[in-house]
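Nothing in this text is a laboratory measurement; each read-out follows from the coordinates by a stated rule. Computed from a predicted model, the values in this text were never measured in an experiment. Using ideal geometry, Cβ is built from the backbone for each residue, glycine included, and neighbour counts are taken over all protein chains shown.
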Amino acid sequence: MEDQAADSARSARSVPVCYRHPDRETGVRCTRCERPICPECMVSASVGFQCPECVRSGSGTGHAPAANRPRTVAGGSVASDPRLVTKILIGINLAVFIAIQADKSLLEQVVLYGSWPPKPFAPTSGVAGGEWYRFVTSMFAHQEYWHIGFNMLSLWWIGGPLEAALGRARYLAVYFVSGLAGGALTYLLASPAQPSLGASGAIFGLFGATAVLMRRLNYDMRPVIALLVINLIFTFGFSNIAWQAHIGGLVAGVVTGYAMVHAPRERRALIQYGTCALVLLVSVALALVRTAQLT
């Protein structure tokens, strides 16, 4: 009786909700049982999507057991904790922030900048001086409380659902490729001595990938577009924000996100990770061009 009452309450809503997550609205249904399913519960099938229960049961498909494992919309494995990678990324950012607050001199070692001193002197530090690790360390470094607070809230709100929809490995690939692309564009266009830090490039990449995913699932695009516009206003409205990292990360997120959710099933992994590798190669090429200019 309780199940019947719950089903009646759900059907009374204008938009169906996921049968496994009643707090999530969705317009997608399992092609076998026709129950509403959210991105976390979607398992790609030859036609449409299936729910985890139908996939586990097999329903006489004749596929091998491995083919019946629950998969995300991008083909990744459905994890018991769909936000694990997001939690780890937040933990790393917080740990680095605490370390910087305890020792301010650490900031100089992890921040991203092109070269110092400027020409005609040979660079002794910075990316042009051989410190390429700064592309990675700067993605986890914050100096101000408002900066890390805003970035970590965005990472939790946007990153968690995206991780559930893509799967851990694909989500992590989008995050790092976007962050590195944002760093490469900053290195190319910003002043060589201008420091840059923060996970903003990677987070803007998650914004871009989320927009592509919502478009793919025919969700209402207005909330994510409004949030993206607000962030872009802040990006260009303040002089101390590295807009290059935001734009570079956003473009990389859109490109890699499109590959993640639109790759054909037969060559899915090849196209997905191949696209990530291509964006990464472009980022490396931009960095090499800038290094040649500064040395």
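For a quick check: sort MET42, MET221, MET139 by the number of other beta carbons within 10 angstrom, fewest at the front.
MET221, MET42, MET139
If the chain between GLU266 and ARG24 were fully stretched, how many nm would it gain, using 0.36 nm times the residue separation less the Cα-Cα distance?
84.1 nm
Have a look at the chain and give its Rg and Dmax from the Cα atoms, expressed in angstrom.
According to the Cα coordinates of the chain, Rg and Dmax are 21.5, 81 Å.
How large is the helix-only mean residue ellipticity at 222 nm for the chain, computed as the sum of -39500 (n - 2.57) over DSSP H runs with n ≥ 4, divided by its residue count, in deg cm²/dmol to the nearest 500?
-18000 deg cm²/dmol
Using the beta-carbon distance between THR295 and LEU232 and R0 = 22 Å, what value does 1/(1 + (r/R0)^6) give for FRET efficiency, to the nearest 0.05?
Taking R0 as 22 Å, the efficiency between THR295 and LEU232 is 0.10.
With a cap of 15 neighbouring Cβ atoms within 10 Å, and only residues DSSP puts in a loop, list the chymotrypsin sites (Phe, Trp or Tyr not before Pro) found in region 215-295.
Passing sites in region 215-295 are PHE238.
Between region 221-295 and region 96-123, what is the separation of their alpha carbon centroids in Å?
If you average the Cα positions of each part, the centres end up 24 Å apart.
Going by how many other Cβ atoms sit within 10 Å of their own, how do LYS87, LYS104 line up, fewest first?
Least to most surrounded, the residues fall as LYS104, LYS87.
Report, in debye and to the nearest 20, how large the dipole of the chain comes out about its Cα centre when Lys and Arg carry +1 and Asp and Glu carry -1 on their Cβ.
660 debye
Identify the residues of region 194-236 with backbone N under 18 Å of a label point that sits 7 angstrom from the Cα of LEU172 along the Cα-to-Cβ direction, or state none.
Only 202-203, 206 fall inside the zone, counting backbone N under 18 Å.
If the chain between ALA193 and LYS119 were fully stretched, how many nm would it gain, using 0.36 nm times the residue separation less the Cα-Cα distance?
25.5 nm
For the charge dipole of the chain, defined by +1 on Lys and Arg C-beta atoms and -1 on Asp and Glu C-beta atoms about the Cα centroid, which residue among PRO195, GLN143, TYR19 has the Cα displaced farthest towards the positive pole?
TYR19
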